[in-house]
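This report refers to the structure that appears directly beneath it.
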Amino acid sequence: MTTEIIGYLRVSTKRQGASGLGLEGQRMAVETYARTIGAKVGAWYTEVESGKKSDRPELARAVGHAKRSKVTLCVAKLDRLARDMEFTAKLMNSTVEFVACDNPTANRLTLHILAAVAENDARNISERTKAALAAAKARGTKLGSARDGHWAGREDTRLAGARRGAVAAAAARSHLADEAYVDLLPFLKKMRADGLSLREMAEKLNEAGHKTRRGKQWNAMQVSRVLARGVAE
């Protein structure tokens with residue numbers, strides 16, 4: 001049985017994207033790597049976007065596809081990853097296996113090292129902040145909402161803030177659920193436009209090798225639930 005990988009390509013400018021410069025070389029590198037391990041590239045995801053921007057829809061689709069199908073996500077060069085913290089963060093927060101063609105041994109272990117460096121910096125800042133707050137408390141200073149009279153006459157404000165927090169948390173959970181299937185939007189839209197039934201749509205997804213978030217085969221009910229959430233709108 002042939003192994004499958006997912007290819008992710010990115011260039012920083014529209015000129016490179018339109019001309020193919022950069023993308024062509026990356027695609028060749030991924031295809032060459034696939035051949036060396038006896039694999040095929042099951043899908044390509046291409047981003048024309050600066051590494052400084054955090055809105056990376058094609059990356060989200062690539063990660064979602066690779067995660068559900070339990071296959072490796074492949075990019076051409078590791079140096080782009082090292083400069084791209086959004087890419088690193090998304091991969092670290094998923095269970096996706098990753099490989100860079102120019103350094104195949106630099107996989108999730110390398111990502112852990114990169115993340116550990118960032119985490120260490122954040123920890124040092126946090127520890128300094130905590131030490132300063134502890135010193136202030138030791139001097140008898142009350143902080144934040146613990147200050148005397150902080151909520152006096154503003155209980156409604158405190159309750160409203162708590163409600164907003166609950167709504168935001170629910171929205172975040174909903175976003176994560178939607179993001180898991182964002183790469184399937186083109187398939188769902190086309191199949192619905194073609195008049196396919198839910199059962200037929202599920203069969204098409206299964207034939208294409210797509211899995212649900214839990215690694216299961218698609219069925220009509222699962223398709224219905226995804227559509228009901230508005231993912232395909």
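No lab work stands behind these numbers, since they all come straight from the coordinates. No experiment lies behind these values; they were computed from the predicted model shown. As a convention, Cβ positions derive from the backbone with ideal geometry for all residues, glycine included, and neighbour counts pool all protein chains shown.
Quick one: F98, F187, fewest Cβ neighbours within 10 Å first, how do they rank? The partial results should precede the final answer.
On the way: F98 24, F187 16.
Arranged by neighbour count, lowest to highest, F98, F187 become F187, F98.
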Study note, to complete from the structure: Expected unfolding gain across R229-S197 under the 0.36 nm per residue rule, minus the alpha-carbon gap, is 9.8 nm
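By counting other Cβ atoms within 10 Å of each Cβ, how are W218, W44 ranked from fewest to most?
Details: W218 22, W44 15.
Result, fewest neighbours first: W44, W218.
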Review point. Long-range amide H contacts for A76: which residues qualify at under 5 Å (H placed 1.01 Å from N, peptide plane, sequence gap of 5 or more or a different chain)?
Key: C101
Exercise for review: Step through the residues of the stretch 199-212 one at a time and calculate ³J(HN,Hα) from phi using the Karplus curve (6.51 cos²θ - 1.76 cosθ + 1.60, θ = phi - 60°), rounding each to whole Hz and writing x for Gly and Pro.
Suggested key: 5, 5, 5, 4, 4, 4, 4, 5, 5, 7, x, 7, 10, 7
Check your understanding: Long-range amide H contacts for L196: which residues qualify at under 5 Å (H placed 1.01 Å from N, peptide plane, sequence gap of 5 or more or a different chain)?
Key -> none
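Exposure proxy check: M201, M191 ranked by fewest other beta carbons within 10 Å? Can you show the working numbers first?
Numbers: M201 25, M191 20.
Least crowded to most crowded, the residues run M191, M201.
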